[in-house]
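Enquirer: Below: one structure in structure tokens.
Any read-out appearing in this document is the output of simple, stated calculations on the displayed coordinates, not a laboratory observation. Quick caveat: nothing in here was measured; it's all calculated off a predicted structure. Reconstructed Cβ throughout: ideal geometry from the backbone, glycine too, with neighbour counts over all protein chains shown.
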Amino acid sequence: MPKSAFRPRLFSTDQYSITLPAGHKFPINKYGMLRGLVEKEGLFQLERSPLADSETVCLAHDPDYVTQFTLGTLSTAAMRRIGLPWSETFVQRAYASVGGTISASLQAWNMAGEPPSAAARTMLFALKALVSASLMTLRLPSSSCEKEISSAEPL
């Protein structure tokens, strides 16, 4: 079956390799393996995720929390809730995850203006599911940000 000349962009964060303790339950290696499979298929244009800026991250999280996370000064309890050990690479990976999600969202938004193709519909569906899951999983308590997010329109 011939491959389409159109190759949607996908964004990767696995270049920010974080070291986890032996026996840690988070499957960090799956991201590199998944990227390898996607590259092999050649259906997508893979790019390194751009880093989001802290102002953007503060739109969803308390600014004090973002600062403490970035500097590695979160409490032990807060880091336990995150479930991964703090490192500068972990911070870069987190900012890249946000930047990649935003970039993919912008791409899907731009694609939505075109006649819908199967690829565009599939990407939009996957993106909506990913963003919804990310918001449910990663939303952390904050001051007024939490109220604004919880009252926002669903995706």
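Enquirer: May I ask for the distance between the Cα centers of segment 46-62 and segment 68-89, given as a whole number of Å?
Expert: So the separation of the two Cα centres works out to 17 Å.
Enquirer: Could you work out the local net charge near ILE28, counting Lys and Arg as +1, Asp and Glu as -1, over the other residues with Cβ closer than 13 Å to its Cβ? Each step should come with its number before you reach the end.
Expert: Working: positive: LYS25, LYS30, ARG35, ARG93; negative: ASP14.
Here the count lands on +3.
Enquirer: Here's a follow-up. Pick out, in residue order, every one of the trypsin sites (Lys or Arg not before Pro) in segment 1-85 that is DSSP loop and has at most 13 other C-beta atoms within 10 Å; say none if there are none. Please list the in-between numbers first.
Expert: On the way: sites: LYS3, ARG9, LYS25, LYS30, ARG35, LYS40, ARG48, ARG80, ARG81; in loops: LYS3, LYS25.
Hits after loop and neighbour filter: LYS3, LYS25.
Enquirer: Please arrange THR101, THR73 by how many other C-beta atoms lie within 10 Å of their C-beta, fewest to most. Mind showing how you got there, number by number?
Expert: Working: THR101 18, THR73 10.
Final ranking by Cβ density, sparse to dense: THR73, THR101.
Enquirer: If the only charges are +1 at each Lys and Arg Cβ and -1 at each Asp and Glu Cβ, what is the size of the charge dipole of segment 1-51 around the Cα centre, to the nearest 20 debye?
Expert: Values: 8 positive and 4 negative charges, 16 e Å.
Result for segment 1-51 is approximately 80 debye, rounded to the nearest 20.
Enquirer: Can you list residues from other chains, or at least 5 along the same chain, whose modelled amide H is less than 5 Å from the amide H of PHE11?
Expert: Excluding prolines and chain starts, which carry no amide H, the hits are GLU47.
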